[in-house]
Amino acid sequence: MWAMVPAAGAILAEWGADVIKIEGPDGDPVRALVTAGVQPDGPRFTWEMWNRGKRAIALDLKHPEAQEIIRQLVTEADVFLTSILPGQRKSLGIDQETIQSANPGIVYASGTGVGSKGPESDKGGYDGITFWARSGAASAATRPGADPVTLPMGAFGDATSGMALAGGVAAALARKARTGEGAVVECSLLATAMWAMQMGITGTAAAGIEEFPRTSRQRPFNVLVNTYPTADNRWVSLCMLQADRYWAGFCHAIGRADLEKDPRFDNAAHRAANAEACVAELESTFRRKTLGEWRERLATQEGQWDALNTVSEVRDDPQVKANEFTRTIEYPSGHQLTIVGAPVQFDNTPTPLRRAPEFGADTDEVLQDLGWGQDAILDAKIKGAVV
């Protein structure tokens, strides 16, 4: 349910897997999720993103016959994915022991909040708290005295963690292809966030300090690793780690050749010692032209930079289009939806994307594939095992 584990399934579907999503009688809550009050006409994008390319069946796993259907599916499956809390799995017939008894060679994969061991192993999580807050990411992104910085976008941590889980599943399948052995794969929101935060976690441990020193935009460690406002209230982000290598070319490109030999700024040590003065000079310069004008000028020098794009601008980025990082899905209603593809492509060819399924859309087909006749399917629906 929700986003993390479904995101893993969506990636695997894009990579060629036949993914069957199993929903309970009430459906996945993400079907009704509204993000930031945005409810455009057409398909629910919060559902489509994490469930594109799948088939869907609806079962009430509290019913023994529904659990038997799971066992039949598992017998023929390569992978079983779940986001259900560990303590709830056994009563639903989807715990590791039950699934592996039906198929010893299966890859049993789960997504958790904080891991399957320890005092909070049965505690769930959301990326806004478990991935973002608990990992130290929110604290590191927040300036002292400011309100805490929240997730930049909904499911930010879910999408990242789901990608990691999909990679783990793929690795387990590669091992199975060599050895014939199944595997237990687990990924948690907290562990994925810590992987992203390891510069701080490992660095502070190595240095024996609580936190890394904080910088401000007015006094950075390196004036060429900083952001500067433009005349049209946009921002340019510089990331020239080898500052001395690029300083001369940068100064000429922005029309400030006078700064190149200025004794306050002529090398990295001098710029660091006079960071506030140097930032003031650069900021006043960048404020004189628009982002479009700075794009042209900065393109003439070798140092690394980019603009702070809005999410809508990213869709129209020429690199995004050239590499087909987004694709368009067509719907019978006539609507279209731009979907971001999995970040890993194979053989330089993006995989076509298919829309997410309606609730229980493939239940009869999946059961028929298992050998069920129409009478048996109808009977299971009457009993409430099949929704």
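The values are calculated or read from the model by the stated rules, or taken from the named source; none is laboratory data. Here the structure is a predicted model, which is why all the values come from computation and not from measurement. All Cβ positions, glycine included, derive from the backbone under ideal geometry; neighbour counts span all protein chains shown. Only protein heavy atoms, including side chains, enter the accessible area calculation; ligands, DNA and RNA are left aside. Shrake-Rupley method; radii C 1.70, N 1.55, O 1.52, S 1.80 Å.
Set the bar at 31 Å for Cα to Cα. Now go through 54/176; 54/123; 54/321; 117/381 and name every pair that lies beyond it. All intermediate terms of the calculation are to be shown ahead of the outcome.
Working: 54/176 23 Å; 54/123 28 Å; 54/321 25 Å; 117/381 38 Å.
Listed pairs above 31 Å: 117/381.
Please identify, among 92, 291, 337, the residue showing maximal mean-square fluctuation in a Gaussian network model of the chain using a 10 angstrom Cα cutoff.
Ranking 92, 291, 337 by mean-square fluctuation puts 291 first.
In square nanometres, what is one fourth of the surface area of the convex hull spanned by the alpha carbons of segment 69-135?
On the way: hull surface 20.0 nm².
Averaged projected hull area, Cα only: 5.0 nm².
What whole-number distance in Å separates the alpha-carbon centres of segment 185-246 and segment 125-157?
Segment 185-246 and segment 125-157 have Cα centres separated by 15 Å.
Given a Förster distance of 41 Å, report the FRET efficiency between residue 324 and residue 140 from their Cβ-Cβ distance, rounded to the nearest 0.05.
Efficiency, rounded to the nearest 0.05: 0.75.
Highest mean first, how do 327-334, 130-137 rank when packing is the count of other Cβ atoms within 10 Å averaged over residues? Display every interim value, and only then the final one.
Numbers: 327-334: 10.9, 130-137: 21.4.
Final packing ranking: 130-137, 327-334.
Kirkwood Rh over alpha-carbon pairs of segment 308-362, then Stokes-Einstein at 4 °C and 1.567 mPa s: what D in µm² s⁻¹, rounded to an integer?
Working: Rh = 13.0 Å.
So the translational diffusion coefficient is about 100 µm²/s.
With a 1.4 Å probe and every protein chain left in place, tell me how much accessible area residue 297 has, in Å² to the nearest 10.
For residue 297, the solvent-accessible surface is approximately 90 Å².
Could you work out the relative contact order of the chain, using alpha carbon pairs under 8 angstrom and six or more residues apart, expressed as a whole percent?
Working: 576 pairs, mean separation 79.6, N = 387.
Relative CO of the chain lands at 21 percent.
Test of understanding: what is the full-extension gain from residue 376 to residue 198, defined as 0.36 nm times their sequence separation minus their Cα-Cα distance? Write out the running numbers ahead of the final one.
Numbers: separation 178, 0.36 × 178 = 64.08 nm, distance 5.33 nm.
Answer, rounded to one decimal: 58.7 nm.
Sorted from largest down, what three extents in whole angstroms do the Cα atoms of segment 104-207 have along their principal axes?
Largest first, segment 104-207 extends 55, 30, 28 Å along its Cα principal axes.
Express the accessible area of segment 18-119 per residue in Å², computed with a 1.4 Å probe while the remaining protein chains stay in the model.
46
So for the pair residue 308, residue 33, with labels modelled 7 Å out along Cα→Cβ, what separation do we get in nm?
Each label point is offset 7 Å from its Cα along the Cβ direction, giving 2.6 nm.
If you roll a 1.4 Å probe over segment 1-146 with all protein chains in place, what percent of the accessible area is carbon or sulfur?
Numbers: 3670 of 6690 Å².
On segment 1-146, the fraction of accessible area on carbon and sulfur atoms equals 55 percent.
By accessible area of protein heavy atoms, probe 1.4 Å, what ranking do 110, 83 get, highest first?
Details: 110 10, 83 40 Å².
Result, largest first: 83, 110.
How large is the dipole of the chain about the Cα centre if only Lys and Arg carry +1 and Asp and Glu carry -1, each at its Cβ, rounded to the nearest 20 debye? Walk me through the numbers on the way to the answer.
Numbers: 38 positive and 49 negative charges, 194 e Å.
Here the size comes out at about 920 debye.
Amide H to amide H under 5 Å from residue 21: which residues, 5+ apart in sequence or cross-chain, H placed 1.01 Å off N in plane?
HN-HN under 5 Å from residue 21: 55, 56, 57.
What list of ³J(HN,Hα) values in whole Hz, one per residue of segment 374-383 in order, does the Karplus curve 6.51 cos²θ - 1.76 cosθ + 1.60 (θ = phi - 60°) give from phi, with Gly and Pro shown as x?
Per residue, the Karplus-derived 3J(HN,Hα) values read 4, 5, 5, 5, 4, 4, 5, 6, 5, 6 Hz.
Out of the DSSP beta bridges found with both residues in the chain, what percent are antiparallel (nearest 5)?
Here the share of antiparallel DSSP bridges comes out near 55 percent.
Sorting 324, 283 by accessible area (1.4 Å probe), largest first, what list results?
Details: 324 85, 283 35 Å².
So the residues, ranked largest to smallest area, are 324, 283.
Counting every Cα pair in the chain, what percent are over 31 Å apart?
Counting every Cα pair in the chain, those more than 31 Å apart make up 51 percent.
Given the protein chains as shown and a 1.4 Å probe, how many square angstrom of residue 150 are accessible, to the nearest 10?
Counting only protein heavy atoms, the figure is 100 Å².
Convert 37 °C to kelvin, take the viscosity as 0.692 mPa s, use the Kirkwood radius over C-alpha pairs of segment 2-129 as Rh, and evaluate the Stokes-Einstein diffusion coefficient in µm²/s, rounded to a whole number. Working shown, then result.
Values: Rh = 15.8 Å.
Calculated translational D: 208 µm²/s.
Give the peptides 34-40, 100-106, 358-364 in descending order of average Cβ contacts within 10 Å, highest first.
Working: 34-40: 8.9, 100-106: 15.4, 358-364: 17.1.
Put in order of decreasing packing, that is 358-364, 100-106, 34-40.
From the phi angles alone, apply the Karplus equation (6.51, -1.76, 1.60; θ = phi - 60°) to segment 227-243 and give each ³J(HN,Hα) in whole Hz, x where the residue is Gly or Pro.
10, 9, x, 10, 5, 9, 6, 9, 9, 10, 10, 9, 9, 9, 5, 8, 4
Considering only protein heavy atoms, with the full assembly of protein chains and a 1.4 angstrom probe, order 127, 232 by accessible area, largest first.
Numbers: 127 15, 232 65 Å².
The ordering from most to least exposed comes out as 232, 127.
Taking amide H positions as placed in the peptide plane 1.01 Å from N, state which residues far from residue 112 in sequence (5 or more) or on other chains have amide H under 5 Å from it.
Hits under the 5 Å cutoff: 187, 188, 189.
May I ask you to give the solvent-accessible area per residue for segment 251-294, in square angstrom, as obtained with a 1.4 angstrom probe? Walk me through the numbers before you get to the answer.
Values: 2090 Å² over 44 residues.
Per-residue value: 48 Å².
Amide H to amide H, which residues 5 or more places from residue 95 or on other chains are under 5 Å from it, using H placed in the peptide plane?
The list, which skips near neighbours in sequence, is 90.
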